[in-house]
Every structure is written in C-alpha cells, then in structure tokens.
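Peer 1: Here it is, the structure in full.
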Amino acid sequence: MATERRESEPNPTADMVAELVARARAAQAIADGHDQARTDELVAAAGWAIMEPGRNRALAELAVADTGIGNVDDKLRKNHRKTLGLLRDLLGAKSVGVIAEHPELGITEIARPVGVVCAITPSTNPAATPANKIINALKGRNAVIVAPSPKGWSTCARLVELIHEQFRRIGAPLDLVQLLPSPVTKQSTAELMRQCDLVVATGSQANVRAAYASGTPAFGVGAGNVAGIVDETADVAAAAERVMRSKTFDNATSCSSENSLVLLAAVREAMVGALRELGAVLLDARQKAALQTLMWPDGKLSPAAIGQSATLIAQRAGLPELAALQPRLLMVEESGIGDACPFSGEKLSPVIALYTVPDFDAAAETVRRIYAHQGAGHSVGLHSRRPERALQLGLTLPVSRVIVEQAHAIATGGSFDNGLPFSLSMGCGTWGGNNFSDNLNYRHYLNITRISRPIPEKVPTEREIFGAYFDKYGAH
C-alpha cells in the first residue's frame, strides 16, 4: 500500500528548484533597488539579445531544427517584430516608484515587484514567447525562471545564454533570468510553480490548468480556435490577402490564426476564388476524409500536421495530386461543430474550415456555436464595411477581442498599426477559464501600492442615488 512521502524524505526536484529560486531571490533583491533608468537598461539588454540580426536568425533556425514546427523566415520576423513592438510599448512606461498621481482622488500609485516569476512557454514560439515574458518581468524589477516545453528547451537555453552575455556587458546579476534544467518534467515545472511568486503560463490547456491549481497566483491563457467572418460588404481581395497572410504565417502555429471562416452566401464564391488565386486549394469529400485521418488518427491532433506546410501535409495525407500544386492553404467545407467534426476545432496548421451562412446573424450564431465547442474568450475576426457589426460582435459574442479588417494572427497580439499591447499571451476572460481578458503585458508583472490621502468629503443625497428608481417604482 502506497504511503505519502514524509517531509524528511529527500526530494531532489524540490531541492533543485529551491536552489534556483534562492538565487533568483538574491538577484531580485538587487534589482529591487534599481531606479527606472537602470531597470530600462535590463530591458534593453534582454531585447537586444534576441533582436540583433545574427542572433535572431540563429535562434529562429535552432527553433525549427529542434521542434520541427513553423518556418525560419517567419520565426525571424516574429522574434523581431514582437520584441520590437514590446520594447516600443515599454519605452517611457513607468514601472519603478511613483507611476501615477490622482489628486482628485487623493491617490498615489507606486509600482512594486511581484518577486520571482515562473514563465511557462510553448514549443510553438521557443524564443519569442520566453523573450516577451522575460522582458516584461524585468520591466517590473522581477527575477524570472523559464519552464519551456521540452521541445523548445535548447532554443530557450540559447536565448538565456545570449541574455546573460548582454547582462555581463552592463554588470547585471545573471540570476535575474534562469532556466529549468533539462529534462523539463511535469514534476519540475509543478515544483517551480509552487515555489515562485507568480506564474505566467502560455501553452497547452493542461499547463494552464496546472498553473491555476498550483496555489501560486497565476495568469494563464485560454484555448485558441479563432473564427473569422466575411460579410457581403467586404473587400474580398483585401480580406483574402489578410486571411492568407495570417493563416500561413509560421505555418499557423499561432493560437491567433483563423481556424474557420464563416462566409455569407452572397460573398462565398468570390472569397473562395480570391483565396484560390493566392494559393489555397479546396478539398473534395474524399480528400477531406484523407486529411482528417492524418490530422486526427486517434481523435487527438497529430504532430504530423502541427506547424507543417500545406504541401507537406498534403503529401503526408496521401494526396499527391494536391501536393503537386504546392498549396499554401488547405480549405475544407464544414457544416458541423463538435467532437464528431474535428475540423471545427483548432488545427495549428495551414488548414481552414469554411462555413457558409445566409446572413450576418447566422454568421454570429455559427461563431458562437464554434466557441461553445472550443475557443471561447479569445478573438473573432471581421471583414466588413459596416462598423456597427464589430460593435454587435463585441456586445454579444464571448470574445475578448474583435479584430476588424486585419491579418488576425499578426494583429491580435499587438501590431504597429493597432493599439493592442504587443504580446504572445492573450487572456480569454472567464469565457476561456482565465482571470484576465487583456493581452498579457508589463502591468501584470507588478504589484501596485496605493497611498490614500483625505479629500473633501462628498456624500450623495438619497435623491441622487435613488431618484430614477423612485420615479419609476415609487419610494416604498
């Protein structure tokens, strides 16, 4: 009969993590004394570690070689743009000492570190996501220990080495940024979550659930399964270009790439034609069945498709006639939603399901049903010339973002032509089982202390509070 481990029994994993955390706490104590200028030097050092072109390319090549996911050129662009955009967001942002004064409220806000951050990162972005979390953590004068996906460990390890090289240049404590040693296991990750002060988890829903159950304050993200709507007023050529750019970027490894397109019947033929002109192919029933067999051989999405090119996926599905066309995107007709219709879920590959509906209300309802199956809380795309339709979706659908006439995978996590914070971790609100609905950003890595001073008293009358209620219902 098994018995629980006694406290006196050795636990090498816990001891190893405790040593990392102790070193992180010592380094963070030094950073806690930094002013804003010195803090921003740490941020710049970590950013330049990944953005310098030679290092960026080396990391992108290593990521694809080790994980077999995505493609080098897009990872190169992602590492550059996402880091540059984050650094733009952080430029001039206050994260040390007094960060805001509200004299009318008598409130002064002071930024304080959260301490030691546990950053859980996925194999799909083994450099860009760790860099984003490291930079945000440093902006708050925190230490950070990364727990990467095992597939992405060597890329993340190289990133940490490059950051340490920059830290040596500026005389910063290396232990501000650390990495769980390989092999990263569920046990070591769980122990790190337990011993740190804050967990920021991006990746599988199993990891997110573990973060929320760790007993440590946590930010975790929801499942992706983005749908995009193309209505009868859309600029079809522009919409097709945006969807293709989004859905093929890094072989659709992003949780923000469209998995379904909901097309109003009036625009369906034109939209499908425009996508075909850009390199998409529409599968027939036999080809769709063969693709489904490859992608979900046992009901679970297969690594044979994740982050692979459309051409390679067609080859692996036994569809040489499609592979010969060297398609950029595989399209399948779909009408069902749920476990029995796997194309209605997330595919993490350049494969997209097409739904055709009679009108906009039916489109919104189809997206609602898709998200009831998977993806609630994330985002919805809209290609339309009617701005009120974006408001309708924002008021009624379970989404944290409505992305209007943009390349969804590029726009959702912040872009230079929209106002969303640059991030690779998107909160999905309570719809997606999360405790936040923002793009994860530096403010999530801060504690805020508020000084409250007395202000002139303002006590409302009963009439001010209840007047409208009494006028309608009476004062009974």
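Peer 1: Restricting attention to segment 430-451, which residues are touching a Gly at 6+ places or on another chain (Cβ under 7 Å), in a loop (DSSP other than H, G, I, E, B) and either over 17 Å from VAL402 (Cβ atoms) or of a type in the set (A, V, I, L, M, F, W, C) (or both)?
Peer 2: Once the filter is applied, which keeps residues that are touching a Gly at 6+ places or on another chain (Cβ under 7 Å), in a loop (DSSP other than H, G, I, E, B) and either over 17 Å from VAL402 (Cβ atoms) or of a type in the set (A, V, I, L, M, F, W, C) (or both), segment 430-451 yields GLY433, ASN434, PHE436, LEU440.
Peer 1: Check ALA376, ALA372 and return the single one that is modelled with pLDDT of 95 or more and farther than 27 Å from PRO217 by Cβ.
Peer 2: On the way: ALA376 fails: farther than 27 Å from PRO217 by Cβ.
The match here is ALA372.
Peer 1: Six or more apart or on different chains, Cβ under 9 Å: which pairs go from a residue in segment 89-104 that's under 23 Å from ILE455 (Cβ atoms) to one that's in a strand (DSSP E or B) and among the charged types (D, E, K, R)? Could you list them?
Peer 2: If the second residue must be in a strand (DSSP E or B) and among the charged types (D, E, K, R), the pairs left are VAL98/GLU109; ILE99/GLU109; ALA100/GLU109; GLU101/GLU109; HIS102/GLU109.
Peer 1: All but one of (1) surrounded by fewer than 24 Cβ atoms within 10 Å (Cβ to Cβ); (2) in contact with a Ser or Thr (Cβ under 7 Å, 6 or more places away or on another chain) hold for VAL236, so report the exception by its number.
Peer 2: Single failed check for VAL236: (2).
Peer 1: From ASN441, ASN435, which residue is under 23 Å from VAL114 (Cβ atoms) and modelled with pLDDT under 95?
Peer 2: On the way: ASN441 fails: modelled with pLDDT under 95.
Going through ASN441, ASN435 in turn, the sole match is ASN435.
Peer 1: Please go through segment 412-440 and pick out each residue that is buried (at least 17 other Cβ atoms within 10 Å of the Cβ), in contact with a helix residue (DSSP H, G or I) (Cβ under 9 Å, 6 or more places away or on another chain) and without any contact (Cβ under 8 Å) to a residue 60 or more places away in the chain.
Peer 2: Matches in segment 412-440: LEU420, ASP438.
Peer 1: Does CYS196 meet the test of being in contact with a His (Cβ under 8 Å, 6 or more places away or on another chain), surrounded by 20 or more Cβ atoms within 10 Å (Cβ to Cβ), among the hydrophobic types (A, V, I, L, M, F, W, C) and touching a residue at least 12 places away in the same chain (Cβ under 8 Å)?
Peer 2: On the way: in contact with a His (Cβ under 8 Å, 6 or more places away or on another chain): no; surrounded by 20 or more Cβ atoms within 10 Å (Cβ to Cβ): yes; among the hydrophobic types (A, V, I, L, M, F, W, C): yes; touching a residue at least 12 places away in the same chain (Cβ under 8 Å): yes.
Criteria not met by CYS196.
Peer 1: If you don't mind, another one. State which residue is farthest from ALA409 (Cα to Cα) when the search covers only segment 379-395 and only residues that are in contact with a strand residue (DSSP E or B) (Cβ under 6 Å, 6 or more places away or on another chain) and crowded, with 19+ Cβ neighbours inside 10 Å.
Peer 2: So in segment 379-395, the residues in contact with a strand residue (DSSP E or B) (Cβ under 6 Å, 6 or more places away or on another chain) come out as 379-383, 390, 393-394.
Keeping just the survivors that are crowded, with 19+ Cβ neighbours inside 10 Å gives 379-383, 393.
Numbers: SER379: 10, VAL380: 11, GLY381: 10, LEU382: 13, HIS383: 14, LEU393: 18 Å.
Per the criteria, the residue is LEU393.
Peer 1: Still on this structure, please answer the following. Any idea which of GLU321, GLU365, GLU334 is charged (D, E, K, R) and surrounded by 18 or more Cβ atoms within 10 Å (Cβ to Cβ)? Write out each step before concluding.
Peer 2: Numbers: GLU321 fails: surrounded by 18 or more Cβ atoms within 10 Å (Cβ to Cβ); GLU365 fails: surrounded by 18 or more Cβ atoms within 10 Å (Cβ to Cβ).
Only one candidate passes the filter, namely GLU334.
Peer 1: Then there's this: Give the residue, chosen from ARG57, ARG88, that is basic (Lys, Arg), within 21 Å of PRO126 (Cα to Cα) and in a helix (DSSP H, G or I).
Peer 2: ARG57
Peer 1: Read through the list (1) free of Cβ contacts under 8 Å to residues at least 60 places away in the same chain; (2) crowded, with 24+ Cβ neighbours inside 10 Å, then give the number of the only condition that ALA190 fails.
Peer 2: For ALA190, the exception is condition (2).
Peer 1: Quick one: GLY33 ticks every box in (1) outside any helix (DSSP H, G or I); (2) buried (at least 16 other Cβ atoms within 10 Å of the Cβ); (3) of a type outside the set (Lys, Arg) except a single one, so which number is it?
Peer 2: Going through (1) outside any helix (DSSP H, G or I); (2) buried (at least 16 other Cβ atoms within 10 Å of the Cβ); (3) of a type outside the set (Lys, Arg) one by one, GLY33 breaks only (2).
Peer 1: Based on what the data block shows, is GLN178 more than 25 Å from GLY414 (Cα to Cα), in a strand (DSSP E or B) and assigned by TED's automatic domain parsing to the domain that holds GLY85? Steps first, answer last, please.
Peer 2: Values: more than 25 Å from GLY414 (Cα to Cα): yes; in a strand (DSSP E or B): yes; assigned by TED's automatic domain parsing to the domain that holds GLY85: yes.
So GLN178 fits the description; yes.
Peer 1: Among (1) surrounded by 13 or more Cβ atoms within 10 Å (Cβ to Cβ); (2) within 22 Å of the chain's Cα centre (by Cα); (3) of a type outside the set (Ser, Thr, Tyr), which single condition is GLN28 missing?
Peer 2: (2)
Peer 1: ARG276 - would you say it is free of Cβ contacts under 8 Å to residues at least 12 places away in the same chain and over 13 Å from LEU329 (Cβ atoms)? Lay out the reasoning, then the answer.
Peer 2: Values: free of Cβ contacts under 8 Å to residues at least 12 places away in the same chain: yes; over 13 Å from LEU329 (Cβ atoms): no.
Here the answer is no, as ARG276 does not meet what is asked.
Peer 1: Exactly one of these conditions fails for ILE403: (1) among the hydrophobic types (A, V, I, L, M, F, W, C); (2) part of a strand (DSSP E or B); (3) outside the structural domain of PHE249 (by TED's automatic domain parsing). Give me its number.
Peer 2: The single condition ILE403 does not satisfy is (3).
Peer 1: With the checklist (1) in a loop (DSSP other than H, G, I, E, B); (2) under 19 Å from the mean Cα position of the chain (by Cα) in hand, flag the one item PRO130 doesn't pass.
Peer 2: For PRO130, the exception is condition (1).
Peer 1: Test of understanding: among ILE163, ILE110, which residue is out of contact with any Cys (no Cβ under 7 Å at 6 or more places or on another chain) and either closer than 30 Å to VAL64 by Cβ or in a helix (DSSP H, G or I) (or both)?
Peer 2: After applying the criteria, what remains is ILE163.
Peer 1: Related question: Within segment 279-295, how many residues turn out to be more than 12 Å from VAL332 (Cα to Cα) and surrounded by fewer than 17 Cβ atoms within 10 Å (Cβ to Cβ)?
Peer 2: Kept after step one, since they are more than 12 Å from VAL332 (Cα to Cα), are these residues of segment 279-295: 279, 293-295.
When the remaining residues are screened for being surrounded by fewer than 17 Cβ atoms within 10 Å (Cβ to Cβ), the result is 279, 293.
Number satisfying all stated conditions: 2.
Peer 1: Continuing with this model, one more query. Which condition from (1) buried (at least 16 other Cβ atoms within 10 Å of the Cβ); (2) at pLDDT 95 or above is the one that ASP66 breaks?
Peer 2: Just one mismatch for ASP66, condition (2).
Peer 1: Given the structure, is LYS472 surrounded by fewer than 16 Cβ atoms within 10 Å (Cβ to Cβ), over 18 Å from the mean Cα position of the chain (by Cα) and not in a loop (DSSP other than H, G, I, E, B)? Before you say what the answer is, go through the steps one by one.
Peer 2: Details: surrounded by fewer than 16 Cβ atoms within 10 Å (Cβ to Cβ): yes; over 18 Å from the mean Cα position of the chain (by Cα): yes; not in a loop (DSSP other than H, G, I, E, B): yes.
Against the criterion (surrounded by fewer than 16 Cβ atoms within 10 Å (Cβ to Cβ), over 18 Å from the mean Cα position of the chain (by Cα) and not in a loop (DSSP other than H, G, I, E, B)), LYS472 qualifies.
Peer 1: Another one. How do the pairs read when you match residues in segment 386-398 that are closer than 19 Å to ASN225 by Cα with residues anywhere that are of a type in the set (Ser, Thr, Tyr), using Cβ under 6 Å and keeping only pairs 6 or more apart or on different chains?
Peer 2: As it stands, the answer is PRO398/TYR371, since those pairs meet every condition given.
Results for (1) among the small types (Gly, Ala, Ser); (2) at pLDDT below 95; (3) within 27 Å of the chain's Cα centre (by Cα), shown as yes or no for each residue.
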residue	(1), (2), (3)
VAL262	no, no, yes
ALA266	yes, no, no
VAL272	no, no, no
LEU282	no, no, no
ALA305	yes, no, yes
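The values are calculated or read from the model by the stated rules, or taken from the named source; none is laboratory data. Here the structure is a predicted model, which means the values were calculated and not measured. FYI the Cβ positions are ideal-geometry reconstructions off the backbone, even for glycines, and counts take in every protein chain you see.
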